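J.: Take a look at the following structure, please.
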Amino acid sequence: MGFALSGSLLSVPIHFSTHFSGIGCAEQAVSLVAEAYRSCAFAEKSETALSRSSPSLKCVSCCEINVACQKVLAGQAEHVFMDIEAAFPTIQVQATDSLEKKWKAVRAALAPQSLRRCATHFLCRQPLISLDVSGSPCQPWSRAGRGKGMADSRSLLLLMWAALMLQLKPAIAVHENVVGFDTSVLQDWDVRE
């Protein structure tokens with residue numbers, strides 16, 4: 001079975017970010033995709049294929065609270081932001097607040113593109129991105145985490161990620177989570193007030 005990669009799709013530089021990055025699974029996956037693209041272009045040996053440069057897939061930033069993971073990520077990304085909550089310095093919510101009230105609080109607390117703590121450079125601004133690949137904590141939706149959904153305090157991190165994506169405006173934002181994740185939570189964030 002063969003497949004074709006669109007030269008125009010992968011001919012522009014793709015700067016991407018990740019949040020809740022862990023040990024860098026998304027970063028590694030992107031590296032493997034880039035390597036597969038190079039191998040495919042070389043195997044085709046056509047002048048068109050060989051003249052296509054390898055897509056510029058570059059992880060410009062990731063965000064992870066775990067210090068051990070930050071050390072692993074330091075070699076995979078230009079910037080390693082230390083905590084997504086740092087982008088929301090004035091957040092004030094109660095666990096019992098409604099989803100709408102939490103969303104309003106998150107949107108109000110999101111700082112403008114300000115400096116954030118970076119494990120690599122100390123203080124940095126979030127670079128421009130065209131892609132974000134993230135998976136917020138899964139416990140609120142997993143059976144192991146008791147499946148509380150948006151009633152779980154950790155689900156606030158999902159709202160923070162959604163607000164940050166609206167601010168950063170990547171062309172594509174990919175959110176990965178567990179079976180049972182309520183995808184309706186991510187619908188129409190840009191129109192909720």
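The values are calculated or read from the model by the stated rules, or taken from the named source; none is laboratory data. Quick caveat: nothing in here was measured; it's all calculated off a predicted structure. Don't worry about glycine lacking a Cβ; one is built from the backbone with ideal geometry, like all the others, and counts go over all protein chains shown. All accessible areas refer to the heavy atoms of the entire protein, side chains included, with ligands and DNA or RNA removed. Shrake-Rupley method; radii C 1.70, N 1.55, O 1.52, S 1.80 Å.
J.: Report, by residue number, each residue of region 108-124 that is touching a Cys at 6+ places or on another chain (Cβ under 9 Å) and under 17 Å from residue 70 (Cα atoms).
T.: Applying the first criterion (touching a Cys at 6+ places or on another chain (Cβ under 9 Å)) to region 108-124 yields 115-118, 124.
Residues satisfying the conditions are 116, 117, 118, 124.
J.: Which residue is nearest to residue 113 (Cα to Cα), if the candidates are limited to region 142-154 and must be among the basic types (Lys, Arg) and part of a loop (DSSP other than H, G, I, E, B)?
T.: Selected residue: 148.
J.: Next question. Among the residues of region 100-121, what is the count of those that are more than 21 Å from residue 21 (Cβ to Cβ) and either hydrophobic (A, V, I, L, M, F, W, C) or part of a loop (DSSP other than H, G, I, E, B) (or both)?
T.: Selection size over region 100-121: 5.
J.: Inspect all residues belonging to region 44-51 and state whether any of them is of a type outside the set (Asp, Glu), at pLDDT below 80 and either open to solvent by less than 60 Å² (accessible area, probe 1.4 Å) or under 29 Å from residue 175 (Cα atoms) (or both).
T.: yes
So that you can scan it fast, the table gives a plain yes or no per residue for (1) in a strand (DSSP E or B); (2) without any contact (Cβ under 8 Å) to a residue 12 or more places away in the chain; (3) open to solvent by 60 Å² or more (accessible area, probe 1.4 Å); (4) not small (Gly, Ala, Ser):
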position: 123; (1), (2), (3), (4): yes, yes, yes, yes
position: 128; (1), (2), (3), (4): no, no, yes, yes
position: 136; (1), (2), (3), (4): no, no, no, no
position: 140; (1), (2), (3), (4): no, no, no, yes
position: 156; (1), (2), (3), (4): no, no, no, yes
position: 161; (1), (2), (3), (4): no, no, no, yes
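J.: OK, next. For region 68-83, give me each residue that is in contact with a helix residue (DSSP H, G or I) (Cβ under 7 Å, 6 or more places away or on another chain) and surrounded by fewer than 22 Cβ atoms within 10 Å (Cβ to Cβ).
T.: Residues satisfying the conditions are 76, 82.
J.: Still on this structure: Could you please find all residues in region 84-99 being assigned to a helix (DSSP H, G or I) and either under 13 Å from the mean Cα position of the chain (by Cα) or crowded, with 19+ Cβ neighbours inside 10 Å (or both)?
T.: Matches in region 84-99: 84, 87.
J.: Only one of 193, 176 is among the charged types (D, E, K, R) and at pLDDT 85 or above; which?
T.: 176
J.: Could you identify the single residue in 185, 80, 179 that is β-branched (Val, Ile, Thr), over 13 Å from the mean Cα position of the chain (by Cα), on the phi < 0 side of the Ramachandran plot and not in a loop (DSSP other than H, G, I, E, B)?
T.: 185
J.: Could you please tell me which pairs satisfy a Cβ distance under 8 Å, a separation of 6+ or placement on different chains, a first residue in region 89-117 that is in contact (Cβ under 8 Å) with a residue 40 or more places away in the chain, and a second residue that is open to solvent by less than 40 Å² (accessible area, probe 1.4 Å) and basic (Lys, Arg)?
T.: Pairs found: 93/102.
J.: Would you say residue 172 is within 13 Å of the chain's Cα centre (by Cα), open to solvent by less than 30 Å² (accessible area, probe 1.4 Å), under 19 Å from residue 15 (Cβ atoms) and not aromatic (Phe, Trp, Tyr)? Can you show your working first?
T.: Details: within 13 Å of the chain's Cα centre (by Cα): yes; open to solvent by less than 30 Å² (accessible area, probe 1.4 Å): no; under 19 Å from residue 15 (Cβ atoms): yes; not aromatic (Phe, Trp, Tyr): yes.
In short, no.
J.: Is it true that residue 110 is open to solvent by less than 70 Å² (accessible area, probe 1.4 Å), among the hydrophobic types (A, V, I, L, M, F, W, C), more than 13 Å from the chain's Cα centre (by Cα) and modelled with pLDDT under 90?
T.: So residue 110 fails the test.
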